[in-house]
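The values are calculated or read from the model by the stated rules, or taken from the named source; none is laboratory data. Given the structure is predicted, the values throughout are model-derived calculations rather than measurements. Because the Cβ atoms are built from the backbone with ideal geometry, glycine has one as well, and the counts that use them run over all protein chains shown.
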Amino acid sequence: MPAPQQRRIIFKHIDAPGYTNDLACYVRHGGYEILKKAVTLPAATIIDEVKKSGLRGRGGAGFPCGVKWGLVDRKSGKPIYLVVNADESEPGTFKDRYIIHQDPHQLLEGIMIASFANNVKQAYIYIRGEFPHGARILEQAVAEARAANFVGPNILGTSYSCEIFVHRGAGAYICGEETGLIESLEGKRPYPRIKPPYFPAVLGLYQCPTIVNNVETLCHVKHILEMGGDTYAKIGTPNNTGTRLLCVSGHVKRPGYYEFAVGEITLGELLNEVCGGPLPGRTFKAVIPGGSSAKILKFGETFTLKNKDGSSRTLTVEEIPMDFDTLAACGTMGGSGGVIVMDDSVNMVEALANINAFYAHESCGQCTPCREGSLWMKKITARMVHQQARSEDGALLKSVADQIAGRTICAFGEACSWPTQSFVAKFGDEFKGYAETRKEPKRADALELV
Amino acid sequence: MSAAISSSMNLKPATLLRIDEVITHYPVKRSATLPLLHLIQEDVGYISEEAITWVATKLELQPINVYEVVTFYPMFRQKPIGRRHIKVCRTLSCALLGGYKTCEAFEHAFNTHRGEISPDGEVTIEFVECLASCGTAPVVLIDDDLHENVDVAKAKKLSDQIKSEASQRR
Amino acid sequence: MIAPLKPDLITVNIDGKEIAVPKGTNAIEAARLVGVDVPYYCYHPKLSVVGNCRMCLIEIGMPAVDPATKTPIMDPATGKQKINWIPRPQIGCATNASPGLHIRTNTAQIKDCREGVMEFLLVNHPLDCPICDQAGECKLQEQSTGYGRGYSRYVEQKNFKPKRTQLGPRVMLDDERCILCSRCIRFCKEVVKDDVLGFIDRGSYSTLTCFPGKALENNYSLNTVDICPVGALTSTDFRFKMRVWFLKQTNSIDTESSVGANTVVWSREGVIYRITPRPNDGVNDTWMADTGRELFKAVRAPNRLTAVKLDGLDTSLEVALNSAGAILKAAGRTVALVGSGRSSVEEHSLARKLAETLGASTHMVSRIGEGDRMLISGDRNPNVRGALVVGLIKKLPTEKLTALGGAIDTGAVTVVVSLGEDLHAAGLTAAQLAKVKIIYLGTHADTTTKAAQVVVPTLTVFEKSGTLVNQQFRLQKFAKCVPGPAGATDDLAVLAKLVVTAGGTATLGDLPNVWASLATTVAGLAAISYATLPDTGLLLDSTPFASLPFCEGETFHYQPAATTATMKV
Ligand SMILES: Cc1cc2nc3c(=O)[nH]c(=O)nc-3n(C[C@H](O)[C@H](O)[C@H](O)COP(=O)(O)O)c2cc1C
Ligand code: SF4
Ligand code: SF4
Ligand code: FES
Ligand code: FES
């Protein structure tokens, strides 16, 4: 059976010949028509459609978008803010980049619909600092949309007004975590907040109720309103609705970004057919399916999952459908949609050393386990690679990771320990035997990963 | 008062205009910290202690509030750098496709080390974390421009380009 | 006396023990009440909760209810309501008591959490406890014994950070020891509103610092040393002078203003080494000013009086007091008594007795400064209200002794008894001083002691016991920390003898007796004694003095009465 076809909703115009990122082109392709429809609807209807759609956040946690909107404190009398998470910094993830650079008005339309539905008068797009052109493109797009009365005071002749401002980060992964992002937007060190009590829906930006949504999530909102929540919910699989953007990088013939109905494609189809399989002469060894924080999958391992009717089924890595729930059942996650592939040329100690360096560099340093643990894990793997590996290092790494996960202020604690936990659990032999591996002569041309 | 400090900062009039405009984006002035630091760095090249104090005064903060922020974010620098800033992605997807070699190629071409200004003053090379373009790894950000699939050969080509631009300028 | 409000009590269960606590009580505090220790570093009851150290992790659960029927779900095994435990540990410092809250601190998971945090805190810690000034007071050292694993698995290179940074004139920082709990930063920002400290860089390389050119120099800087849970912040004055476990602690009161911050005085073998704040939620929370910590230096000041003098020559106390008695008796009704706003309540009461015996007029000088809106008020006399309460004075003290000066000029006053006040500084001229005989009881030499006929050295607040009444009309006690110098006599004993030599009825100059008499003679002090006075003091009825225009402006836990609000300094 051939792999399912891509279903391009969000990426409909990405890389399309002749499609440009200006307002005129967007409007030519039917742009802002859904916003025009939205402002004629009661806000509650829009929220209902999003609830019905089953849309789950595309930023990493997969939290149902409609539920999130439902949690917003609307009684406080304080302004409600929308913060668009365009920090795209989970390694392996590169989807929002293309929306921002090539189709910014799609995002703005989604933002305005979400803002209208939630009575937001001020939205901020927090874009990572390393997208300088992206920030300029968004600013230009906002200016165009404002001039055309899609954004700003009394949009489309209604009494509804909403401003959008673009805010640039400056090189910090933790600004992707929603409360770190809020602190950063407030001009402080992006130290994630403790929850409770600082749930953004109640005490977010400036201690006001705040919605934080990913770029892709907000784009979906536009299409949900266009086709209706129920119709949208039919795309994909139950509880895993709609399409999602998958980003494939690493050791495949055709890395890139693809859009599929959630769960319609398996990991094997994605890698072997869509991405053309392994590089010549190589075989797949391992894959991280949802951004570098997701637990690694080892080709050859199998997962026995319970079916609803009580029976069970066994899946190989290749057979895993790319949906939130199945990936979670297999002990990993769909996360941000970043699929990182490693072939048999890779030594897992070295790959982990690379990942650990990332997390040690990005830990905000606020809470003890993550601050000290992430650096410790980095130091262990770096020592193994550059100086001396001990047979007990794998067990030590796992134990350090176990002392972090679940005990920190923010989910970075899990993000930085899941790689170590899963690498050591699944490739324990490589950690045990690394001292010997290092001495092998053929290692001279090994990939440098750290 | 702010005029007096700004003249000592030697910011361009356009920068000052944008600074005053961007502060209006937020109900709380402190939020303008990152935008102001970006604008100043774009104008002056780096963030001096004087600039930190200036931003603090402008936003009615204490200098430590701004200092805490400047030192947290790797994109802000407290010292001048080379004429061009070469940021090579270090993270996994790029490393899997030779990112470390790419970085070494740049270092070699400019006879320098990561984090230093090259002897000719042309570049500062740096490793940075994932640039969200992993599908076209290895990637390199040179000033504001992203370069994709930068293997060793392409790194050499880019280096040559920078050098020839430099010699034309001289 | 003001009755506490009846709080809204709810029941929580901690390690199986039920306790009723006010709703919202912090889980760490609630556990303390049932004798369960929840270790912590970053939490401080007087600062915002940031939850960064993760030492206080606990398990929490709530009684299970059927979501549809709202009826309790019972656990068949125990016959009690089932508890839904949250699998993920939560921080105690950000957990507030709600009805039915269940807390577990004694599980394997929590033990493992604490061991983990302890290990992490130590991996980059220099472990130089033998040479650390905080030894004995270090929560890290203390808790590593209680909650640590006891061995190290760390073989990597430790981080290097600045070892000796002078943060300000009184505070030193060792960044390698700092555990980044941010207590000091929050204190400066939230309590002093002097945002000078901050973290720079990130992750494990985060470093506490001031902005270059700025310093931690506010008058509360030493509180950061007190609250630093490890030896990262140290007092430059106290640094390495004495191991704390050798020191004796005595409760005292900061006498630099009418705030009356509660303090502990640390001494050894008669020598005071430092003063630190003592918690009192009604007065100073857990803070005190740096200036108040220096007051003990007066004990060994070069101008300390140690010799009894009669007409400038050394003599015995006996002789001096008899001569004083003779002078007073001879003066008839021309004696004036200058009390001091620094004297204790007990001294005020004996002074009143002396004045009554002699038919003397009473006077007092004010010490007005600028209040800092925190723990130093505008009234730099610590016990003016005490003098009002015992009736030594009826009006507020005056800036200068102008009336007394006039009385001296007319000859209406020929003898002045000064209880430690420098009469010259208080406005009397040299000519006026020369015109009268002066009997001086005090601690330090000044212009007046030179002019006095009789000088009797007495004790500082550190060398005697007594009580003071602060600006809130809170009666607070201080206790003797160190013996007075040879040659100095307790003020009460001197005053009692003076009363007798001046022809009054015999009084015993000791605290129990003075209090026995106060309780019967002063309406507001009935049923109070020194021995039973709580450590946090007792609020007296201030209504009899409500019309007096007190000078204090707002400080912590003090709002001036509306009528005097306009006089704020
Ligand atoms: C360490 C960390 C990094 C994150 N980075 C990002 C990011 O770069 N972009 C993003 O959209 N969400 C990121 N998230 C998730 C956000 O916290 C948040 O869940 C998300 O923006 C919510 O949007 P959604 O509900 O639309 O997915 C991150 C979370 C964590 C814990
Ligand atoms: S878990 Fe890590 S990133 Fe999150 S707050 Fe703690 S130190 Fe910062
Ligand atoms: S110096 Fe002390 S109080 Fe301040 S952050 Fe460090 S450990 Fe905490
Ligand atoms: S890893 Fe280099 S761009 Fe993502
Ligand atoms: S006391 Fe530090 S996290 Fe609770």
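Worth a mention:
- Which listed residue, of A:Leu279, A:Leu271, A:Leu245, A:Leu267, is in contact with a His (Cβ under 7 Å, 6 or more places away or on another chain), of a type in the set (A, V, I, L, M) and assigned by TED's automatic domain parsing to the domain that holds A:Thr326: A:Leu279
- Condition check for C:Ala523: touching a Pro at 6+ places or on another chain (Cβ under 9 Å) and surrounded by 13 or more Cβ atoms within 10 Å (Cβ to Cβ): no
Per-residue answers, yes or no, for (1) modelled with pLDDT under 95; (2) among the hydroxyl-bearing types (Ser, Thr, Tyr); (3) more than 16 Å from ligand 1 (Cβ to nearest atom):
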| site | (1), (2), (3) |
| --- | --- |
| C:Gly203 | no, no, no |
| C:Thr207 | no, yes, yes |
| C:Gly213 | no, no, yes |
| C:Ser221 | no, yes, yes |
| C:Gly231 | yes, no, yes |
| C:Phe246 | yes, no, yes |
| C:Ser258 | no, yes, yes |
| C:Thr276 | no, yes, yes |
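Table: residues versus (1) of a type in the set (Gly, Ala, Ser); (2) more than 16 Å from ligand 3 (Cβ to nearest atom); (3) surrounded by 24 or more Cβ atoms within 10 Å (Cβ to Cβ).
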| site | (1), (2), (3) |
| --- | --- |
| B:Pro74 | no, yes, no |
| B:Gln78 | no, yes, no |
| B:Arg84 | no, yes, no |
| B:Val88 | no, yes, yes |
| B:Leu92 | no, yes, yes |
| B:Ala95 | yes, yes, yes |
| B:Phe106 | no, yes, yes |
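- Conditions (1) in a helix (DSSP H, G or I); (2) out of contact with any Ser or Thr (no Cβ under 6 Å at 6 or more places or on another chain); (3) more than 7 Å from chain A (Cβ to nearest Cβ); (4) not hydroxyl-bearing (Ser, Thr, Tyr): number failed by B:Asp43: (2)
- Single residue of A:Glu178, A:Glu90 found to be touching a helix residue (DSSP H, G or I) at 6+ places or on another chain (Cβ under 8 Å) and within 16 Å of ligand 4 (Cβ to nearest atom): A:Glu90
- Sole exception among (1) surrounded by fewer than 24 Cβ atoms within 10 Å (Cβ to Cβ); (2) under 21 Å from B:Cys134 (Cβ atoms) for A:Leu305, by number: (2)
- Sole residue being away from ligand 4 (no atom under 16 Å from the Cβ) and crowded, with 17+ Cβ neighbours inside 10 Å, chosen from C:Arg153, C:Arg164, C:Arg202, C:Arg149: C:Arg202
- Within the range B:96-151, considering residues that are charged (D, E, K, R) and closer than 20 Å to A:Ala353 by Cα, the one farthest from the other protein chains (Cβ to nearest Cβ): B:Arg114
- Positions within the range C:117-128 being in contact with an Asp or Glu (Cβ under 8 Å, 6 or more places away or on another chain) and at the interface with chain A (Cβ under 9 Å from one of its Cβ atoms), in sequence order: C:Phe120, C:Leu121, C:Val123, C:Asn124
- Strands (runs of 3 or more DSSP E) within the range A:287-388 that include 2 or more residues farther than 22 Å from B:Gly99 by Cα and within 16 Å of ligand 4 (Cβ to nearest atom): none
- The range A:397-450 holds no helices (runs of 4 or more DSSP H) entirely within its bounds that carry 2 or more residues that are surrounded by 16 or more Cβ atoms within 10 Å (Cβ to Cβ), over 32 Å from the mean Cα position of the chain (by Cα) and without any contact (Cβ under 8 Å) to a residue 12 or more places away in the chain.
- The strands (runs of 3 or more DSSP E) located wholly in the range C:172-285 that include 3 or more residues which are within 15 Å of ligand 3 (Cβ to nearest atom) occupy C:197-200, C:207-210, C:233-235.
- When each of A:Leu185, A:Leu181 is tested for being within 16 Å of ligand 2 (Cβ to nearest atom), within 12 Å of another protein chain (Cβ to nearest Cβ) and closer than 17 Å to B:Pro35 by Cα, the lone residue that passes is A:Leu181.
- In the range A:368-389, residue farthest from B:Glu68 (Cα to Cα) [restricted to those that are over 23 Å from the mean Cα position of the chain (by Cα) and either near ligand 2 (Cβ under 10 Å from one of its atoms) or polar (S, T, N, Q) (or both)]: A:Gln388
- Only one entry of C:Lys111, C:Lys161, C:Lys189 meets the criterion of being of a type in the set (Lys, Arg), within 13 Å of chain A (Cβ to nearest Cβ) and in contact (Cβ under 8 Å) with a residue 40 or more places away in the chain, and that entry is C:Lys161.
- Matching entry among A:Arg168, A:Arg193, A:Arg136, A:Arg97 (being modelled with pLDDT of 95 or more, surrounded by fewer than 20 Cβ atoms within 10 Å (Cβ to Cβ) and of a type outside the set (Phe, Trp, Tyr)): A:Arg136
So that you can scan it fast, the table gives a plain yes or no per residue for (1) loosely packed, with under 15 Cβ neighbours inside 10 Å; (2) on the phi < 0 side of the Ramachandran plot:
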site: C:Leu247; (1), (2): no, yes
site: C:Trp266; (1), (2): no, yes
site: C:Glu269; (1), (2): yes, no
site: C:Ala289; (1), (2): no, yes
site: C:Phe296; (1), (2): no, yes
site: C:Arg304; (1), (2): no, yes
site: C:Leu313; (1), (2): yes, yes
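- The set of residues from the range A:358-392 being of a type in the set (Gly, Ala, Ser) and either facing chain C (nearest Cβ under 7 Å) or within 16 Å of ligand 1 (Cβ to nearest atom) (or both) comprises A:Ala360, A:Ser363, A:Gly365, A:Gly373, A:Ser374.
- Which listed residue is touching a residue at least 24 places away in the same chain (Cβ under 8 Å), among the charged types (D, E, K, R) and within 14 Å of chain A (Cβ to nearest Cβ), from C:Arg153, C:Arg202, C:Arg170: C:Arg153
- Complete set of residues in the range C:501-520 that are in a helix (DSSP H, G or I) and touching a residue at least 24 places away in the same chain (Cβ under 8 Å): C:Thr501, C:Leu511, C:Val514, C:Trp515, C:Ser517, C:Leu518
- Which listed residue, of A:Thr243, A:Thr210, A:Thr237, is within 18 Å of the chain's Cα centre (by Cα) and either crowded, with 24+ Cβ neighbours inside 10 Å or touching a residue at least 40 places away in the same chain (Cβ under 8 Å) (or both): A:Thr243
- Long-range neighbours under 7 Å by Cβ, at least six apart or interchain, first residue hydrophobic (A, V, I, L, M, F, W, C) within the range B:124-138, second part of a helix (DSSP H, G or I) and within 16 Å of ligand 1 (Cβ to nearest atom): B:Ala132/A:Arg97; B:Cys134/B:Ser93; B:Ala137/B:Ser93
- Some residue of the range C:22-35 being in contact (Cβ under 8 Å) with a residue 24 or more places away in the chain and touching a Ser or Thr at 6+ places or on another chain (Cβ under 6 Å): yes
- Of all residues in the range A:214-229, none are touching a Ser or Thr at 6+ places or on another chain (Cβ under 6 Å), at pLDDT 95 or above, away from ligand 5 (no atom under 16 Å from the Cβ) and acidic (Asp, Glu).
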